[in-house]
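Shown next, in structure tokens, is the structure this report addresses.
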Amino acid sequence: MTASDAPAFCVYCGQEAPGGADHPACHNPRTALEPPRYCTFCARRLVVQVSPLGWTARCSRHGDTAGG
């Protein structure tokens, strides 16, 4: 990953968040349990699938992410 590939958008609201995947306005206890909604690289909406065992999120340009 190069400097230009570094995450630049908040995963919860899609706004610019230099230096991380989320910014202080979206960092709260509610978001700690939620899957990401926006791609950290391009701010596109993710296709999110939630199951009892976790979640998967897919960006049309950057691929899949999984979490639990």
Problem set entry | Selection from segment 1-29 of residues that are modelled with pLDDT of 80 or more and either open to solvent by 80 Å² or more (accessible area, probe 1.4 Å) or assigned to a loop (DSSP other than H, G, I, E, B) (or both) | Ala8, Cys10, Val11, Tyr12, Cys13, Gly14, Gln15, Glu16, Asn28, Pro29
For this session: For Cys42, indicate whether it is part of a loop (DSSP other than H, G, I, E, B), farther than 20 Å from Gly63 by Cβ and at pLDDT 85 or above.
Result: no
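Condition check ((1) hydrophobic (A, V, I, L, M, F, W, C); (2) exposed (fewer than 12 other Cβ atoms within 10 Å of the Cβ); (3) in contact with an Asp or Glu (Cβ under 7 Å, 6 or more places away or on another chain)) across all residues:
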site	(1), (2), (3)
Ala32	yes, yes, no
Tyr38	no, no, no
Cys42	yes, no, no
Leu46	yes, no, no
Gln49	no, no, no
Thr56	no, no, yes
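The values are calculated or read from the model by the stated rules, or taken from the named source; none is laboratory data. Bear in mind that the values here come from a model prediction, so they are computed numbers and not experimental data. Neighbour counts run over all protein chains shown; Cβ positions are idealised from the backbone, glycine included. Accessible surface areas use protein heavy atoms only, side chains included; no ligands, DNA or RNA. Shrake-Rupley method; radii C 1.70, N 1.55, O 1.52, S 1.80 Å.
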